[in-house]
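This report refers to the structure that appears directly beneath it.
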Amino acid sequence: MFRRSSLSFLARQAADLSGASPAALERALRPLAQAPGGLGLGLQAGGHILTGGVGGLDPAAPHEIASVTKPFTAAVLGQLAAAGQLDAQAPLADLGGPFAGLPASVTPYALATHTAGLPAHPLRAGLTVLLDPYAPYSLSEGAALASARRWAAAGQAGRFGYSNLGAGVLALALAAAGGAPFPSLLARTVTGPLGLESTGFPAAPPPRATDFGTLAGAGGLWATAGDLLRFGGAHLNGQLAPAWTLTVTPRGRPTGTDEIAPGWFVTGGVWWHDGVARQSRAGLAFCPDSGRVAALLVGGPPGRFSRGAVRQALLALLGFPTHSR
């Protein structure tokens with residue numbers, strides 16, 4: 001059961017690394033710590049690493065990270081582009097085969113920054129999402145690409161439009177360019193080289209997990225707080241290609257977001273992403289200027305706190321005031 005004293009102790013520990021006051025951290029973390037499944041966090045700063053949990057959540061156990069998968073998908077893009085296996089700015093149609101017929105505005109970079117003009121979901125899945133926002137994406141690769149061809153809006157290209165369909169199509173394109181199924185490609189290019197032994201796609205989603213199916217590049221990864229910290233830190237220590245620095249400022253980006261990077265939102269010099277699944281929430285952020293990295297894992301169904309609570313807590317852990325964001 002959640003106990004305020006446990007959160008107070010964790011907030012004091014985090015304050016030693018973040019530079020924020022313990023009281024400010026406790027205020028930011030309290031809504032998350034009251035989730036029925038508890039809260040786990042990780043914080044890395046100045047060569048020191050803190051992981052801890054309250055309410056029974058073990059930050060060393062893999063948890064579903066939902067849309068925090070998207071930064072991993074973007075990292076694969078960066079690695080393949082740096083190796084010359086894919087041009088991030090070239091139309092996906094250049095890959096030929098099932099990608100032929102996609103509009104020229106649908107490029108890997110546009111998909112990674114949600115500016116390709118694709119809808120949030122495939123049409124059929126979008127209708128299902130109205131009834132159950134965590135319903136599985138039960139469609140084939142061909143159906144996903146056909147939906148992208150049918151519903152890509154050239155007039156919306158360049159404008160921000162958050163798209164699970166786009167992230168899923170990006171992963172399919174990466175798999176084609178890399179010559180391996182996306183889970184294997186992720187392991188070969190990102191999680192394996194970084195030593196993220198607890199990060200991956202389960203062979204079969206556990207009960208009540210969110211099944212992204214064909215659109216695995218949009219969600220479905222499981223990870224520990226420690227692995228998330230290592231992944232975030234790899235953006236800062238040169239282990240990952242610097243594609244994450246190539247930001248854009250599209251029309252329509254979310255309120256409080258200054259820029260969009262491949263796989264990331266950028267707010268006040270902080271790269272961050274959160275994720276919402278049927279039984280969990282997650283968040284990851286890093287600040288290039290301070291070198292700090294923060295990760296959050298929250299257990300239990302969403303709806304007990306605002307969607308912005310994870311972002312606010314991430315910013316607080318990195319030492320940023322959140323009252324104006």
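The values are calculated or read from the model by the stated rules, or taken from the named source; none is laboratory data. Computed from a predicted model, the values in this text were never measured in an experiment. Ideal geometry is used to build each Cβ from the backbone, glycine not excepted, and the neighbour counts take in all protein chains shown.
Can you tell me which residue is nearest to F182 (Cα to Cα) among those in the range 206-251 that are among the basic types (K, R) and over 16 Å from the mean Cα position of the chain (by Cα)? Talk me through it step by step, then tell me what you get.
Pass one, the range 206-251, residues among the basic types (K, R): 208, 230, 251.
The next check asks that each one be over 16 Å from the mean Cα position of the chain (by Cα); those that pass are 208, 251.
Values: R208: 23, R251: 30 Å.
Among them, the one singled out is R208.
Which residue, of L50, L41, is buried (at least 22 other Cβ atoms within 10 Å of the Cβ) and closer than 21 Å to G226 by Cα?
Step by step, each of L50, L41 is checked, and only L41 is buried (at least 22 other Cβ atoms within 10 Å of the Cβ) and closer than 21 Å to G226 by Cα.
Collect the residues in the range 196-211 that are among the small types (G, A, S) and either closer than 12 Å to H63 by Cβ or modelled with pLDDT under 95 (or both), keeping them in residue-number order.
Of the residues in the range 196-211, the ones among the small types (G, A, S) are 198, 200, 203-204, 209.
The answer is S198, A203, A204, A209.
Out of the residues in the range 246-281 that are touching a strand residue (DSSP E or B) at 6+ places or on another chain (Cβ under 7 Å) and β-branched (V, I, T), which is surrounded by the fewest Cβ atoms within 10 Å (Cβ to Cβ)?
T249
Determine if the range 46-55 includes at least one residue that is under 30 Å from H121 (Cα atoms) and in contact with a strand residue (DSSP E or B) (Cβ under 6 Å, 6 or more places away or on another chain). Break it down into steps so the answer makes sense when it comes.
Step one: of the range 46-55, the residues under 30 Å from H121 (Cα atoms) are none.
Within the range 46-55, none of the residues are under 30 Å from H121 (Cα atoms) and in contact with a strand residue (DSSP E or B) (Cβ under 6 Å, 6 or more places away or on another chain).
Can you tell me which residue within the range 207-233, out of those that are part of a loop (DSSP other than H, G, I, E, B) and of a type in the set (V, I, T), is nearest to T191 (Cα to Cα)?
Filtering the range 207-233 for residues part of a loop (DSSP other than H, G, I, E, B) gives 207-212, 219-221, 224.
Now drop any that are not of a type in the set (V, I, T), which leaves 210, 224.
Details: T210: 21, T224: 12 Å.
Residue satisfying both the conditions and the ranking: T224.
Per-residue answers, yes or no, for (1) under 23 Å from A144 (Cα atoms); (2) modelled with pLDDT of 95 or more; (3) of a type in the set (A, V, I, L, M, F, W, C):
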site: G52; (1), (2), (3): no, yes, no
site: G55; (1), (2), (3): no, no, no
site: A60; (1), (2), (3): no, yes, yes
site: P71; (1), (2), (3): yes, yes, no
site: D87; (1), (2), (3): yes, yes, no
site: P91; (1), (2), (3): yes, yes, no
site: D94; (1), (2), (3): yes, yes, no
site: V106; (1), (2), (3): yes, yes, yes
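Would you mention how many residues in the range 91-120 are under 15 Å from G142 (Cα atoms) and crowded, with 24+ Cβ neighbours inside 10 Å?
Looking only at the range 91-120, we keep the residues that are under 15 Å from G142 (Cα atoms), and these are 92-93, 95-102.
Remaining after also requiring crowded, with 24+ Cβ neighbours inside 10 Å: 92.
Matching residues across the range 91-120 total 1.
For the range 187-204, name all the residues that are assigned to a loop (DSSP other than H, G, I, E, B), surrounded by fewer than 24 Cβ atoms within 10 Å (Cβ to Cβ) and either touching a Phe, Trp or Tyr at 6+ places or on another chain (Cβ under 7 Å) or in contact (Cβ under 8 Å) with a residue 24 or more places away in the chain (or both). Even if it seems obvious, please write down each step before you answer.
In the first step, residues of the range 187-204 are kept if they are assigned to a loop (DSSP other than H, G, I, E, B); the result is 195-199, 201-204.
If we keep only those that are surrounded by fewer than 24 Cβ atoms within 10 Å (Cβ to Cβ) as well, we get 195-198, 201-204.
Matches in the range 187-204: G195, L196, E197, S198, P202.
If I go through the range 142-176 residue by residue, how many of them are of a type in the set (S, T, Y) and over 22 Å from F265 (Cα atoms)?
Initially, the range 142-176 is screened for residues of a type in the set (S, T, Y), giving 147, 162-163.
So of that shortlist, the ones also over 22 Å from F265 (Cα atoms) come out as 147.
Number satisfying all stated conditions: 1.
Inside the range 234-325, counting only strands (runs of 3 or more DSSP E) that do not spill past its ends, which hold 2 or more residues that are free of Cβ contacts under 8 Å to residues at least 60 places away in the same chain?
Details: elements: 259-261, 264-267, 270-276, 280-286, 293-299.
Passing ranges, in order: 264-267, 270-276, 280-286.
Could you check the range 165-212 and list, in sequence order, the residues that are of a type in the set (D, E, K, R) and closer than 19 Å to G226 by Cα? Even if it seems obvious, please write down each step before you answer.
The initial filter retains those residues of the range 165-212 that are of a type in the set (D, E, K, R), namely 188, 197, 208, 211.
Within the range 165-212, E197 is the sole residue that qualifies.
Restricted to the range 8-29, and to residues that are surrounded by fewer than 21 Cβ atoms within 10 Å (Cβ to Cβ), touching a strand residue (DSSP E or B) at 6+ places or on another chain (Cβ under 9 Å) and not aromatic (F, W, Y), which residue is nearest to L228 (Cα to Cα)?
Checked the range 8-29; the qualifying residue nearest to L228 (Cα to Cα) is L17.
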